[in-house]
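Here the structure is laid out as structure tokens; the discussion comes afterwards.
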Amino acid sequence: MPDKVRWGILSTANIGRKVIPAIHESRNSVVTAVASRSLERAREFAAEQNIPTVYGSYEELIESEEVDAIYNPLPNSMHAEWSIKCAGAGKATLCEKPFASDAAEAQTIVDAFAGQDVLLAEAFMYRFHPQHAKVKSILAAGGIGDLKIINSSFTFFISDEANIRLSKPLAGGGLMDVGCYCVNLMRFMTGEEPETATAVGNIGPSTGVDEILAATLKFPSGVIGHFDCGLRAHRQQSYRLKGTSGSIVVGSSFTPDKGKDTVVQHWQGNQLTEHVIAPVDHYQLMVEDFADALLTGGAPRFPPSDAVLNMKVVDRLLAQIR
């Protein structure tokens, strides 16, 4: 293993325009190559993103001896097939969220990597932003008393009917794309798996996917979480935690601007304290965490088993509205 992890990017998906600059800026990684099923497209993308090597097939990238780790941002329905191929080639893989089409598929990915003793993680970048660690520290210190309610929202509007997020064959939909963040947040903050999960939603008549969804989760501790998500509503991303003596509000929760401060509002009774968090690139922090694990023989901060558990909740909610 070299001093820095050499990354290969599996496709020219648009999310790569956020992750690739983060790899470039990281202290322990470099971007070595990108692959596309179109060599011309790979060359255009590589020139744009300053990537030295291009491949005209995913297989070539996965088999390359110049690549140590793969970032997999393919459409949701393709995560399992190509991540498992990465495992077979012994390539550590950071797989974009949601981890798979469903929990059973997610488990097959985890099993494939465990069987080859190859590093794997889900690219839920938001968890690496220090604003959420601040929230957890306030909770742990009893800053809002006993946690009782979590509210969350993640919505934005898609007008392009060809957007892959609206594709049923590609495992699209509002819950898979943005609602999975809300589910993950609630599990992250409680440290629990929900006992019950209920949902209502609107299935698009032409898309066949959930375009708007609202859900309620009940956790063993008694915490109630409810959220809304969707691809056909004005953009919002936020969460609020309510306790017996106070509350916490995070107004730019899942995709904050890496160039701006974020603010955690902590209400204790009628007293407001605002905790200002300096700008960070949570994609960079995620990449560095994964690369550190690969370079040192350690483990990523969040185990891949968490991805399976998150998908189990998503499955339960989708089953109710289908």
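The values are calculated or read from the model by the stated rules, or taken from the named source; none is laboratory data. Model, not experiment: these values are computed from the prediction. Please note: Cβ atoms are built from the backbone with ideal geometry, for glycine as well, and neighbour counts cover all protein chains shown. Keep in mind that these areas ignore ligands, DNA and RNA; they rest on the heavy atoms of the full protein, side chains included. Shrake-Rupley method; radii C 1.70, N 1.55, O 1.52, S 1.80 Å.
Has the range 188-206 got at least one residue that is among the β-branched types (Val, Ile, Thr), without any contact (Cβ under 8 Å) to a residue 60 or more places away in the chain and either out of contact with any helix residue (DSSP H, G or I) (no Cβ under 6 Å at 6 or more places or on another chain) or open to solvent by less than 70 Å² (accessible area, probe 1.4 Å) (or both)? Spell out the reasoning first.
First, the residues of the range 188-206 that are among the β-branched types (Val, Ile, Thr): 190, 196, 198, 200, 203.
Now restrict to residues that are without any contact (Cβ under 8 Å) to a residue 60 or more places away in the chain: 190, 196.
If we keep only those that are either out of contact with any helix residue (DSSP H, G or I) (no Cβ under 6 Å at 6 or more places or on another chain) or open to solvent by less than 70 Å² (accessible area, probe 1.4 Å) (or both) too, we end up with 190, 196.
The answer is yes; a qualifying residue exists.
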Item checked: the range 238-262 - residue that is in contact with a helix residue (DSSP H, G or I) (Cβ under 9 Å, 6 or more places away or on another chain) and part of a loop (DSSP other than H, G, I, E, B) and, of those, most open to solvent (accessible area, probe 1.4 Å) -> LYS258
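Yes or no, residue by residue, for (1) crowded, with 22+ Cβ neighbours inside 10 Å; (2) within 18 Å of THR190 (Cα to Cα); (3) of a type outside the set (Gly, Ala, Ser); (4) in contact with a strand residue (DSSP E or B) (Cβ under 6 Å, 6 or more places away or on another chain):
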| position | (1), (2), (3), (4) |
| --- | --- |
| VAL67 | yes, no, yes, yes |
| HIS79 | yes, no, yes, yes |
| CYS86 | yes, no, yes, yes |
| PRO130 | no, yes, yes, yes |
| GLY142 | no, yes, no, no |
| PHE154 | yes, no, yes, yes |
| GLU161 | no, no, yes, no |
| LYS168 | no, no, yes, no |
Notebook entry, point to check: Looking at the range 269-286, which of its residues are in a strand (DSSP E or B) and under 30 Å from VAL5 (Cβ atoms)?
Noted result: ILE277
Notebook entry, point to check: Which of (1) closer than 19 Å to THR93 by Cβ; (2) at pLDDT 95 or above; (3) open to solvent by 50 Å² or more (accessible area, probe 1.4 Å) is the odd one out, the single condition MET1 does not satisfy?
Noted result: (2)
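Can you confirm whether the range 12-26 contains a residue that is part of a helix (DSSP H, G or I) and among the polar types (S, T, N, Q)?
There is no residue in the range 12-26 that is part of a helix (DSSP H, G or I) and among the polar types (S, T, N, Q).
Suppose we keep only residues that are assigned to a loop (DSSP other than H, G, I, E, B) and open to solvent by less than 10 Å² (accessible area, probe 1.4 Å) within the range 88-117. Which one would you say is nearest to VAL183 (Cα to Cα)?
Within the range 88-117, the match that is nearest to VAL183 (Cα to Cα) is PRO98.
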Note to self: Filter the range 264-279 down to the residues that are crowded, with 17+ Cβ neighbours inside 10 Å and of a type in the set (A, V, I, L, M, F, W, C) and list them by number.
What the structure shows: VAL264, TRP267, ILE277
Item checked: Any pair with Cβ under 6 angstrom, 6 or more apart, that starts in the range 80-96 at a residue that is farther than 19 Å from ALA171 by Cβ and ends at one that is of a type in the set (Asp, Glu) -> ALA89/GLU63
Checklist line | Number of the condition not met by ASN72 [criteria: (1) open to solvent by 30 Å² or more (accessible area, probe 1.4 Å); (2) under 25 Å from VAL209 (Cβ atoms)] | finding: (1)
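For the range 165-212, what are the residues that are of a type in the set (A, V, I, L, M, F, W, C), farther than 11 Å from LEU231 by Cβ and not in a strand (DSSP E or B)? Show your work before the answer.
Taking the range 165-212 as the starting set, the residues that turn out to be of a type in the set (A, V, I, L, M, F, W, C) are 166, 170-171, 175-176, 178, 180, 182-183, 185-186, 188-189, 197, 199-200, 203, 209, 212.
Going one step further and asking which of them are farther than 11 Å from LEU231 by Cβ, we end up with 170-171, 180, 182-183, 185-186, 188-189, 197, 199-200, 203.
LEU170, ALA171, CYS180, CYS182, VAL183, LEU185, MET186, PHE188, MET189 - these are the residues of the range 165-212 that are of a type in the set (A, V, I, L, M, F, W, C), farther than 11 Å from LEU231 by Cβ and not in a strand (DSSP E or B).
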